[in-house]
Structure formats: structure tokens, C-alpha cells
Amino acid sequence: MIKSIVTRAFTLLFIGALIVACQEVQKKRIEFPPTDLAKENLIPKPLKVIPTNMAFGLDRYTAIYTTPNAEGYSGIGQFLADKIKATLDLDIPVNEKGTEPVERIIYINKSDSLELDSPEAYQLYITQDSVILNSNTAEGAFRGIQTLRQLIPEESNDTLAEQRIWPIASGKIIDNPNFGFRGAMLDVARHFFSVEDVKKYIDLLAYYKINVLHLHLTDDQGWRIEIKSWPKLTEVGGSTEVGGEAGGFYTQEDYKEIIAYAAKHFMTVIPEVDMPGHTNAASVSYPFLNGNGKTPKLYEGTQVGFSTFDTRKDTVYAFIDDVVREISAITPGPYFHIGGDESHVTKKNDYIYFVEKVEKIVQKHGKRMIGWDEIATANVDSNSISQYWSSGDNAQKAVDRGMKIILSPAKRTYLDMKYDTLTKLGLTWAAYIPVDSAYVWTPEEYEGIPMKNILGIEAPLWSETISNIDELEQLAFPRVIGYSELSWTIKENRDWENYKVRLANQAPFLDRMNVKYYPSPLIDWKKSKYTYEEIKKD
Ligand code: TNX
């Protein structure tokens, strides 16, 4: 109580000081031509945008201040300053006096407003002299910072002042996500992707407020995470990949580096160890695991559904216990994904027995189990989560069990599906998914799954046909940007015609980040280094 009064008093004092400071700088204010906050190309579109048709001038007389002693806030201020430095080559001091006098302030404020009713909610007030970002949590502040980054123009407006100045449209933004789970999955098993590749993907996803990265760490073609108690998994099982290249794996230190990088971007990592099918790489490493009656050999093809663990051996569960324990110990997020898809050579009863046993192991290690939609055929806990990829029947079973569902319908969200008949990379088994059909559907009303069962949306990128970051980007971008909006923005605020223009305007950002996005002919790209014609010629 007393603490809260003291906090409030300090906040009020600070705001008071801010108002005085703002009055001081009134005289130095620079007038810009009218800018309309409502016309900015924000993705995902915020809940409410109220323009006031003026602008805040970001320049070298700007400083960032964050609420003192609020955990995570100064780091977020620094994150913003680093991005401004990298993009605009502008040094903005954070919570300290810089070399220049301060005329305008970006204030990142931890509030305790009841209006901000979810952890990721934030409000942004932009006036001519200050930007005030309010959030109750560091996570909310981080999401708000992404909005602010998107509002900073790529080009400065130098005609009005002696120094370079970047006008930010004024007004108020009130924002809050529709779904708290907004994910992307990367298959590092079919082809391995380096820590640096994953970090770049995190950078890009975070800019669009995606907050979950699901890593598909094991499959028939490769085991990609070091397990100290079972070293052959990576020595043998990590040595190949689709097409016969050398494969690779993350040491536990590498994995921790990814986790830390994701955490800095307020992103939860979900590790997946796919079983009892998709386990050829594990069984080659330790043949006692194998349950399909054949001698396992390293596999570099792309077929699915031929492998299975032996589900009736205690030693198999002792092995799984070690794997889940070691990975859980270095995974701060609440989830562990057990795969469970396409176990075509596991007998039905064995599959059910397996999933129920592994669920207990996952829970024993303090994690909440996620599995592909087939897991709902077993008698799993209502606290476990089903990831819908293909079967409406399985989704219904999950609903009947009171489970939450992650929506990843293959024909809508699979980033590895080709855009159209001209796309070289990707598969077609579920659908062609052009940029519009990726966006124009309603997850809130998908196949009768009640809204209360939907945890969120995730876009999986399987890697049978992609082997480097450029190819990854070509399949993921621009579609993954659309999934960010589908999961953050409420239905009433989504509209293809409007989205299409905002997407076209992402080109300068994507180009600057050196993202080899697919320049879909459906979009009138603002400025694109890679033309549709070039891709067609490939
Ligand atoms: C199906 S989706 C799979 C993956 C493949 C993918 C290719 C799912 C749970 N299993 O093993 O990589 O199709 O699109």
C-alpha cells in the first residue's frame, strides 16, 4: 500500500517535471506539415489510433527516459536507442545526459493503469514535444517500442531545420493483442539453421510483435540439440540433413544463446522433440529405441511416417525422461512440444499409451505439453495443448477434452507451401498459399472451434525445400507478417485492401534488413530490390 503510494507520488512528480520540461521546449518547437497517424503503415494494426495531425521531431536533441527501478524498462529504452542508432545513425541518450541539450523526450513509463488489462497492452501518446509510452509490464513496453519503430520514417525531413530530423505523426495509440500466443515455427531438423540465422529470424518476427518461436529440433533426418547424457544423438543423428549435406546441431550453450536472444525480444521459445514417429535420427544413434522392426540408417530423403520408437520398452521412457529433463532445465518458457504427428507405423494403442506416458514425463519436469493435433486421440490432460494442423476431428476431440488449441491449419498457415505455380521453393500438398489467402480468413471462427479454446496462431516453416536463410526468408516473408496481424489485430480492424497497402510499405524495412522476401505480384511494393520478374527467371 505504502509502496504503491510512494510509486504514484514519484510518477506524479516525474510527470510534473516532464510537463515543466515540455513547456520549456515549447519555444523551440518545430512545426511540420500535417502528418496523419491513422495513415501510418503499422503492422499489426493497433486497436485504436487517434490522430492529432502534428508531429514529434526525432533528432539529436531527443532523449529517452524510463521509469527508475522498473525491471526491464531501461533495457527496453536501450533497445530502442540501439535500433535508432543502427537505422538512422543517431545517438539518443538513455537515462543520462548526452552530449547535446535535450529538447524532446521519449518516456517509457511503467504504469499501474487498470485500463491496460493484459500484460502486452500499451498506450502511446505522441505530441510535438514528447512521446509517452505507458505499459504495466516490460513486455507491454517492448511491444509498444515496436510500434514506435514502425512510426519512425526511413527518411529524415531536413527542409525545416539545420539538423536532420525524423517527424513522427502525433496522436494516441491504444493497443492490446487479440491473442496472447502469436507464433512462428522453424524446422531446423530437415535442414539445419545456424544460431545467427535464428537470431535474424527473431529480429524480424519481434518487429511484428510475434512472441513465440517454436523450434522443431528433431526429425527423421536430424537431431539438432545436444543431450549430454546421450551424446550420439548429435554425433550420429546430427550429422546429416535432407539432400545429404553435413547437418549440424546446437550445443546446449548455443541453445541458451538463442533462448537469451529470444528473451531480450520478449519471445518464448518452445522446444519440440518429435516422437514417437519422426524419430529415425534418434534410432540410428541408439538402435534400442527403434520400434519399426528394421535396422535404422541415416536418412536424407523427405518421406514422412516410416519411423517409430518402441513404445513398450521402459528404457525408451528412461531415455525420454533424460531428454525432457535436460532440455527443460535450459528452457525458461512453460511449454514442451512432443510432436506426436504422423506416427503411421505406431499401432493406435501403442500411440495412445506413449502419449499418455510422455505427458506425465513432461509434467514431471514442470512443463505444459503441446503436441500436434493427433495427441487429442489419447486421454490427455485438459492443461495440455493441441496444435491443429490438419484434422478437424482431432480439433473437436481437443475441444471436448477442454484443451487449448494452437491454430496452424496447413492450408492457411504453412509457410512451406508454395505461393503459386511459379514459386520454386516449397511444397504443395496442403495448398498453394498466395499472400492474400494467407491473410483473408478468420481464425476466430475457424471450423467451429470456440474462441475460448483458441490459444493463438502459429505459422510453421518446414524445411524440406529450404537450406539457407535467403530461402527461409523467401517462404516466410511476406506471409508471416500477415499472421502477426491475424493474431494481434481484432477481426473488425482487419481488411485485405487496407493491409495490402501497409504491407507494400514494409519493403524499405525489409530491404534495409536484407530480407529476400517474395515480391508477390499481388502487392504493389513501395520499393523493392527484388522484382517479381527476377524470381520468375530463377
Ligand atoms: C507435415 S505438419 C508434417 C511435417 C512435414 C510437413 C511438410 C506435421 C505435423 N507434419 O513433418 O514437414 O507436413 O509440409
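Each reported figure results from applying straightforward, stated rules to the coordinates on display, with no laboratory input. Computed from a prediction, not measured in an experiment: that's the story for all the values here. Cβ atoms come from the backbone with ideal geometry, glycine included; neighbour counts cover every protein chain shown.
Can you compute the charge dipole magnitude of the stretch 44-134 about its Cα centre, using +1 on each Lys and Arg Cβ and -1 on each Asp and Glu Cβ, nothing else charged? Give it in debye, rounded to the nearest 20.
Roughly 200 debye for the stretch 44-134.
Rank Tyr518, Ile258, Gly244 by how far each Cα sits towards the positive end of the charge dipole of the chain (+1 on Lys, Arg Cβ; -1 on Asp, Glu Cβ) and give me just the farthest.
Toward the positive end, the furthest listed residue is Ile258.
Once phi is turned into ³J(HN,Hα) by the Karplus curve 6.51 cos²θ - 1.76 cosθ + 1.60 with θ = phi - 60°, what whole-Hz value does each residue of the stretch 281-292 show in order, with x for glycine and proline?
4, 5, 5, 5, 5, 9, x, 5, 6, 6, x, 9
Given a cut-off of 25 Å, name the pairs among Lys232/Lys404; Lys209/Lys424; Lys199/Lys411; Lys83/Lys172 whose C-alpha atoms lie farther apart than that in the structure shown.
Lys232/Lys404; Lys209/Lys424; Lys199/Lys411
Given H placed on each backbone N at 1.01 Å, which residues far from Val269 in sequence or on other chains put an amide H within less than 5 Å of it?
Leu213, Gly333
Quick one: 3J(HN,Hα) in Hz for the stretch 331-344, Karplus 6.51/-1.76/1.60 with θ = phi - 60°, rounded, Gly and Pro as x.
Along the stretch 331-344, the couplings run 10, x, x, x, 10, 9, 9, 9, x, x, 8, 6, 8, 5 Hz.
Does the stretch 426-516 classify as rounded, prolate or oblate by the C-alpha gyration tensor (a ≥ b ≥ c root eigenvalues; a/c under 1.5 gives rounded; else a/b over b/c gives prolate, otherwise oblate)?
Oblate shape, in that a/c is at least 1.5 and b/c is the bigger or equal ratio.
How do 208-215, 37-44 rank on mean C-beta neighbours within 10 Å, highest first? Walk me through the intermediate numbers first.
Numbers: 208-215: 25.1, 37-44: 20.0.
Those peptides, ordered most packed to least, come out 208-215, 37-44.
In debye, nearest 20: dipole of the chain around its Cα centre with unit charges on the Cβ of K, R (+) and D, E (-)?
In debye, rounded to 20, the chain gives about 780.
Trypsin sites (Lys or Arg not before Pro), restricted to the stretch 264-301: which are DSSP loop and have at most 15 other Cβ atoms within 10 Å?
For trypsin sites (Lys or Arg not before Pro) across the stretch 264-301 that sit outside H, G, I, E and B with at most 15 neighbouring Cβ atoms in 10 Å, the list reads Lys294, Lys297.
To the nearest 10 degrees, how steep is helix 314-329 against the longest Cα principal axis of the chain, on a 0 to 90 scale?
10 degrees
Roughly speaking, what is the centre-to-centre gap between the stretch 126-177 and the stretch 247-264 when only Cα atoms are used, to the nearest Å?
Centre-to-centre distance over Cα atoms comes out at 32 Å.
Show me, for the stretch 401-415, the HN-Hα J-couplings you get by feeding each phi into the Karplus relation (A = 6.51, B = -1.76, C = 1.60, θ = phi - 60°), rounded to Hz, glycine and proline as x.
Result, rounded to whole Hz: 7, x, 7, 7, 10, 9, 8, 9, x, 4, 6, 10, 10, 6, 5.
Whole angstrom only: what separates the Cα centroid of the stretch 395-469 from the Cα centroid of the stretch 321-338?
Here the answer is 25 Å between Cα centres.
Using DSSP to call loops (not H, G, I, E or B), can you name the GluC sites (Glu not before Pro) in the stretch 121-176 whose Cβ has at most 13 other Cβ atoms within 10 angstrom?
Qualifying residues, ordered by number: Glu155, Glu162.
Angle, helix 252-264 long axis vs. longest principal axis of the chain, Cα atoms, 0 to 90°, nearest 10?
In the chain, helix 252-264 runs at an angle near 30 degrees to the longest axis.
Please work out how much length the chain gains when fully extended from Gln163 to Lys232, using 0.36 nm per residue of separation minus the C-alpha to C-alpha distance, in nm with one decimal.
On the way: separation 69, 0.36 × 69 = 24.84 nm, distance 6.01 nm.
Value of the extension gain: 18.8 nm.
Under 5 Å between amide hydrogens, which residues at least 5 positions from Thr308 or on another chain qualify, with H placed 1.01 Å from N in the peptide plane?
So Thr308 has HN proximity to Thr279, Gly291, Asn292.
Tell me which of Gln123, Phe193, Thr413 sits at the most positive position along the dipole axis of the chain, charges placed on C-beta atoms (Lys, Arg +1; Asp, Glu -1).
Gln123
Just flag the chymotrypsin sites (Phe, Trp or Tyr not before Pro) in the stretch 349-457 sitting in loop per DSSP whose Cβ has no more than 11 other Cβ atoms within 10 Å.
Trp429
How much net charge surrounds Arg401 when only the other residues with a Cβ under 15 Å from the Cβ of Arg401 are counted, with Lys and Arg +1 and Asp and Glu -1?
-3
Between Gly222 and residues 5 or more places away or on another chain, which pairs have amide H atoms under 5 Å apart, with H built 1.01 Å from N, and which residues are they?
Hits under the 5 Å cutoff: Ala281.
Could you state the angle between the C-alpha long axis of helix 73-88 and the longest principal axis of the C-alpha atoms of the chain, as a value from 0 to 90 degrees rounded to the nearest 10?
In the chain, helix 73-88 runs at an angle near 80 degrees to the longest axis.
What nm distance separates the two modelled labels at Asp495 and Glu155, each placed 7 Å from Cα along Cα→Cβ?
2.7 nm
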